[in-house]
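The values are calculated or read from the model by the stated rules, or taken from the named source; none is laboratory data. All of these numbers come straight from a predicted model, not from anything done at the bench. Every residue, glycine among them, receives a Cβ derived from its backbone with ideal geometry; neighbour counts consider all protein chains shown. Ligands, DNA and RNA are stripped out before the accessible areas are found, and what is left, the full protein with its side chains, is counted by its heavy atoms. Shrake-Rupley method; radii C 1.70, N 1.55, O 1.52, S 1.80 Å.
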Amino acid sequence: MKISIITATLNRATELNETIKSVMEQAHTDIDYIIVDGGSTDNSIEIIEHWQQLYPNNIGYISQTDNGIYEAINKGIKIATGDVIGTLHAGDRFYTPNVLSIIDHRMSDPQINMIYGDVHYVNKSGRIVRKYSSKNFKPELLKIGIAPPHPSLFLRKSIFEEYGLYKENYLIGADFELFVRLMLVNNLPGHYLPLDMVEMSTGGLSTQFFHRIFTNNTEKYRALRENSINVCCFSLLKRYLYTLK
């Protein structure tokens, strides 16, 4: 099974090199790897072209300005040739070389359209500072703002074709909106894979304090309301109690 991986990046040359390396070191080799660069002014393109020369049949890229990460991801989805699509942002890495092999094995079941799992965050010194597991996730938790970690999400391309792409008018919440649209509105079942899939670097937009507290909550509330899920704005505060519990 061909798996498409989409990496959105902008001026993150050093981190990008490590991300590409982790993709091309996967034991599963039927990979369609699409790097969507937002018009970097560092040496990102040189790094991409270096890897593309090594893996000309696996790596393609786009380099042009965009209006945010979700427009970049959507560009990748539109040209993806894989049966299954996942994302891996610049600075993130697959935790082991076997992640895509396990995804391939699980999604060989035609009844499975969506898989998600676990991730962890590391700081600049490489120390794990947070683990994010989907073990206890159920769709009803979306109503209080809890979703599986987006970097662990793998969807069949046919799901995007049927239900639509990421909404580009969100800053950091379009992945949450996608979960709401798929799981609460269209009742698409997800399947938890008990696997630590991705090692994420802290410092990205969604981990910055203002966006974690303000933008994150306002966009999650908006995503629920736009999909006709009637919740009180204060209901999202319940997730902090749930997390502590």
Residue match in region 78-94 (condition: buried (at least 18 other Cβ atoms within 10 Å of the Cβ), in contact with a strand residue (DSSP E or B) (Cβ under 8 Å, 6 or more places away or on another chain) and in a helix (DSSP H, G or I)): no
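Being at pLDDT below 95, over 24 Å from Thr218 (Cβ atoms) and in contact with a strand residue (DSSP E or B) (Cβ under 9 Å, 6 or more places away or on another chain) is the requirement here; does Val99 meet it?
Working: at pLDDT below 95: no; over 24 Å from Thr218 (Cβ atoms): yes; in contact with a strand residue (DSSP E or B) (Cβ under 9 Å, 6 or more places away or on another chain): yes.
So Val99 does not fit the description; no.
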Enumeration of residues in region 11-36 that are closer than 15 Å to Gln64 by Cα and under 16 Å from the mean Cα position of the chain (by Cα): Ile34, Ile35, Val36
Residue list for region 177-192, restricted to those being touching a Phe, Trp or Tyr at 6+ places or on another chain (Cβ under 8 Å) and either without any contact (Cβ under 8 Å) to a residue 12 or more places away in the chain or open to solvent by less than 10 Å² (accessible area, probe 1.4 Å) (or both): Glu177, Leu178, Leu182
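Quick check on my filter: what residues within region 133-142 are out of contact with any Leu (no Cβ under 7 Å at 6 or more places or on another chain) and in contact (Cβ under 8 Å) with a residue 60 or more places away in the chain? Let's see the steps before the verdict.
Initially, region 133-142 is screened for residues out of contact with any Leu (no Cβ under 7 Å at 6 or more places or on another chain), giving 133-138, 140-141.
Within region 133-142, just Leu141 meets the criteria.
Of the residues Tyr170, Tyr116, which is in contact with a helix residue (DSSP H, G or I) (Cβ under 8 Å, 6 or more places away or on another chain), more than 24 Å from Ile47 (Cβ to Cβ), among the aromatic types (Phe, Trp, Tyr) and assigned to a loop (DSSP other than H, G, I, E, B)?
Exactly one residue qualifies, and that residue is Tyr170.
Does Tyr121 satisfy the criteria of being aromatic (Phe, Trp, Tyr), closer than 16 Å to Leu182 by Cα and not in a loop (DSSP other than H, G, I, E, B)?
Details: aromatic (Phe, Trp, Tyr): yes; closer than 16 Å to Leu182 by Cα: no; not in a loop (DSSP other than H, G, I, E, B): yes.
For Tyr121, the condition - aromatic (Phe, Trp, Tyr), closer than 16 Å to Leu182 by Cα and not in a loop (DSSP other than H, G, I, E, B) - is not met.
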Of residues in region 2-23 being open to solvent by 10 Å² or more (accessible area, probe 1.4 Å), touching a Gly at 6+ places or on another chain (Cβ under 8 Å) and within 16 Å of Tyr95 (Cα to Cα), the one modelled with the highest pLDDT: Glu18
Selection count where residues are open to solvent by 90 Å² or more (accessible area, probe 1.4 Å) and aliphatic (A, V, I, L, M), scope region 45-68: 1
Selection count where residues are touching a residue at least 60 places away in the same chain (Cβ under 8 Å), open to solvent by 30 Å² or more (accessible area, probe 1.4 Å) and under 20 Å from Asp30 (Cβ atoms), scope region 99-132: 6
Flag for Lys135 being open to solvent by 10 Å² or more (accessible area, probe 1.4 Å) and not in a strand (DSSP E or B): yes
Test: residue in region 144-159 that is basic (Lys, Arg) and farther than 21 Å from Val84 by Cβ: no
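Tell me whether region 144-165 contains one or more residues that are among the acidic types (Asp, Glu), in a helix (DSSP H, G or I) and at pLDDT 95 or above. Give the derivation first.
First, the residues of region 144-165 that are among the acidic types (Asp, Glu): 161-162.
Checking which are in a helix (DSSP H, G or I) leaves us with 161-162.
Still in the list and also at pLDDT 95 or above: 161-162.
Yes, some residue in region 144-165 is among the acidic types (Asp, Glu), in a helix (DSSP H, G or I) and at pLDDT 95 or above.
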Residue under evaluation Val198, criteria (1) modelled with pLDDT of 95 or more; (2) out of contact with any Ser or Thr (no Cβ under 7 Å at 6 or more places or on another chain); (3) surrounded by 15 or more Cβ atoms within 10 Å (Cβ to Cβ), criterion not met: (2)
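Could you check, for region 24-38, whether at least one of its residues is open to solvent by less than 70 Å² (accessible area, probe 1.4 Å), outside any helix (DSSP H, G or I) and more than 30 Å from Ile112 (Cα to Cα)?
Looking only at region 24-38, we keep the residues that are open to solvent by less than 70 Å² (accessible area, probe 1.4 Å), and these are 24, 26-28, 30-38.
So of that shortlist, the ones also outside any helix (DSSP H, G or I) come out as 26-28, 30-38.
Pick out the ones that are also more than 30 Å from Ile112 (Cα to Cα) and you get 37-38.
For region 24-38, residues open to solvent by less than 70 Å² (accessible area, probe 1.4 Å), outside any helix (DSSP H, G or I) and more than 30 Å from Ile112 (Cα to Cα): present.
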